[in-house]
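Q: Before anything else, here's the structure in question.
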Amino acid sequence: MFNLNDLLRPHIRSMQPYASARDEYEGNEGIFLDANENAYGSVTSEPYNRYPDPHQKELKKRISEIKGVPADQIFLGNGSDEPIDLIYRLFCNPGKDNAIIMPPTYGMYEVSGTLNEVALKKISLTPDFQIETKAVVQAIDKNTKIIWCCTPNNPTGNDVSSDSIKEIIESFSGIVVVDEAYIDFTEQKSFTGLLEKYPNLIVLQTFSKAWGLAGLRLGMAFASKEIIKLLNKIKAPYNINAVTQQLVLEGLKNISWKEETVRKVLDDKNDLTKKLTNLSSVKKVYPSNSNFILVKIDNARSVYNNLIEKKIIVRDRSGVKLCEDCLRISVGTPEENTKLVNAISNIKA
Ligand SMILES: *Cc1c(COP(=O)(O)O)cnc(C)c1O
């Protein structure tokens, strides 16, 4: 049975969180002499002398409307990388607890786990990049605290079966994280609709991909009120800077830009897939429900190096298990995609 209090690391249960100056007074009006800011303004043309809202209330309200998730079930992080780290720190005792990942998948689950001294049990995906549900459930032991699922998965690009993920959530009394960084590019339904049903579920999304805001660093975690409260308890007080809060709020007025761009990217991806499939060196373009494709190609490493010489940068995944001879290629503009295809077709075998 899932019991959040038992799962939580004991010292976090009892610790006092930092109370920031802006926690103690609500309101925007007043003479603010509480945070040692510069009352004269900023060195820049726009004023940034005041600390930002530590709870990002306005931004969460807007995200809540768009995502259909109550504001108190939303955590915002400095990219998804921040909640990934905080989730480890909430639940995993270093040197003792473990987490399950399913490679090939997003690299940060392992990097962040290793940094937090959390052992990783690796249960590879099947050759068609689906979850080995039975093997995952069998790998769970009394120190397993987190299982990381990613759909659509990176670097493979495909939807991972929702039924498999549900089976894992139902078979596990620890935390299951479903990383939906590419949710805008797929028809697959978001797991945010299952938060009421599954108290051990955390869903991650990001503004870095479909929204085109990778440079601002804003990630979202959706979960029960109780889990969100814990993430807030241990986060750095002002983790989302004022510029990011302001610019993302502005961007959220323009949902149609995002939707239109997603449609373009999906069309461009189909186009790129066709053109690559026609090249003799390309052995396979894997089905993708995201904004990138995994391509199996002769001499992947040397193709990668050759492209670099032409200042075309893709991601070499040929050293990754189940991705042998594969490059991961983001969908670019039609012009960039054409240059890529021409560059590959000009490489002599
Ligand atoms: C790109 C990506 C992210 C996003 O990370 P940010 O820190 O929000 O930029 C998260 N998960 C996966 C699987 C990704 O591919």
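The values are calculated or read from the model by the stated rules, or taken from the named source; none is laboratory data. Please read all numbers here as calculations on a predicted model, not as lab measurements. Cβ atoms come from the backbone with ideal geometry, glycine included; neighbour counts cover every protein chain shown. With ligands, DNA and RNA removed, areas are computed over all heavy atoms of the protein, side chains included. Shrake-Rupley method; radii C 1.70, N 1.55, O 1.52, S 1.80 Å.
Q: What distance in nm separates the two pseudo spin-label positions at residue 229 and residue 271, each 7 Å out from Cα along the beta-carbon direction?
A: The modelled label-to-label distance comes out at 5.2 nm.
Q: Apply the Karplus curve 6.51 cos²θ - 1.76 cosθ + 1.60, θ = phi - 60°, to the phi angles in the range 203-215 and return the couplings in whole Hz, x for Gly and Pro.
A: Calculated HN-Hα couplings, in order: 10, 9, 9, 8, 8, 7, 10, 4, 7, x, 10, 4, x Hz.
Q: Estimate the FRET efficiency between residue 37 and residue 111 by the formula 1/(1 + (r/R0)^6), using the beta-carbon distance for r and 30 Å for R0, to the nearest 0.05. Provide the component values of the computation, followed by the final result.
A: Details: r = 35 Å, r/R0 = 1.16.
About 0.30, to the nearest 0.05.
Q: Residue separation times 0.36 nm, minus the C-alpha to C-alpha distance between residue 138 and residue 122: what's the value?
A: Answer, rounded to one decimal: 4.6 nm.
Q: Quick one: what do you get for the chain if you divide its Cα Rg by 2.2 N^0.38 Å?
A: Values: Rg = 22.0 Å, N = 349, 2.2 N^0.38 = 20.4 Å.
Ratio of Cα Rg to 2.2 N^0.38 Å: 1.08.
Q: Which value, in Å² and to the nearest 10, is the accessible area of residue 89 when all protein chains are kept and the probe is 1.4 Å?
A: Its accessible surface works out to 100 Å², give or take rounding.
Q: Pick out which of 104, 334, 199 has the largest mean-square fluctuation in a Gaussian network model of the chain, springs linking Cα atoms closer than 10 Å.
A: Largest GNM mean-square fluctuation: 334.
Q: In addition: Top mean-square fluctuation among 238, 18, 40, Gaussian network model of the chain, C-alpha springs under 10 Å?
A: Checking each option, the largest mean-square fluctuation is seen for 40.
Q: Using a 1.4 angstrom probe and counting only protein chains, how large is the accessible area of residue 23 in Å², to 10?
A: 60 Å²
Q: How long is the gain from residue 170 to residue 44 if the chain were fully straight, where each residue apart is worth 0.36 nm and the alpha carbon distance is subtracted?
A: Values: separation 126, 0.36 × 126 = 45.36 nm, distance 5.20 nm.
In short, 40.2 nm is gained.
Q: Now a separate question. Going highest first, how would you order 223-231, 178-186 by mean Cβ packing within 10 Å?
A: Per-residue mean Cβ counts within 10 Å order the peptides as 178-186, 223-231.
Q: Provide, as a two-decimal number, the C-alpha radius of gyration of the range 242-349 over 2.2 N^0.38 Å, N being how many residues it has. Before the final figure, lay out each step's value.
A: On the way: Rg = 16.2 Å, N = 108, 2.2 N^0.38 = 13.0 Å.
Dividing the Cα Rg of the range 242-349 by 2.2 N^0.38 Å gives 1.24.
Q: Moving to a separate point now. With a 1.4 Å probe and every protein chain left in place, tell me how much accessible area residue 11 has, in Å² to the nearest 10.
A: 100 Å²
Q: If the chain between residue 24 and residue 264 were fully stretched, how many nm would it gain, using 0.36 nm times the residue separation less the Cα-Cα distance? Let's see the in-between values first.
A: Values: separation 240, 0.36 × 240 = 86.40 nm, distance 4.68 nm.
Contour length minus the Cα-Cα distance gives 81.7 nm.
Q: While we're looking at this one, here's another question. Report, in deg cm²/dmol and to the nearest 500, the calculated mean residue ellipticity at 222 nm for the chain, where each DSSP H run with n ≥ 4 adds -39500 (n - 2.57) and the sum is divided by the residue count.
A: Working: 12 runs with 121 residues, N = 349.
Result for the chain: -10000 deg cm²/dmol, rounded to the nearest 500.
Q: Anyone know which of 148, 257, 211 comes out most mobile in the 10 Å Cα GNM of the chain?
A: 257
Q: In what order, largest first, do 64, 45 sit by accessible area if the probe radius is 1.4 Å? Can you show the working numbers first?
A: Values: 64 25, 45 120 Å².
Final ranking, largest accessible area leading: 45, 64.
Q: For the peptides 272-283, 154-165, what is the packing order when you average, over each peptide's residues, the other Cβ atoms within 10 Å and list the highest mean first?
A: Details: 272-283: 16.0, 154-165: 20.2.
My ranking of the peptides, most packed first, is 154-165, 272-283.
Q: Further question on the same structure: Taking +1 at the Cβ of each Lys and Arg and -1 at the Cβ of each Asp and Glu, which of 95, 73, 41 sits farthest along the dipole of the range 41-108 towards its positive end, judged by Cα position relative to the Cα centre?
A: So the residue we want is 73.
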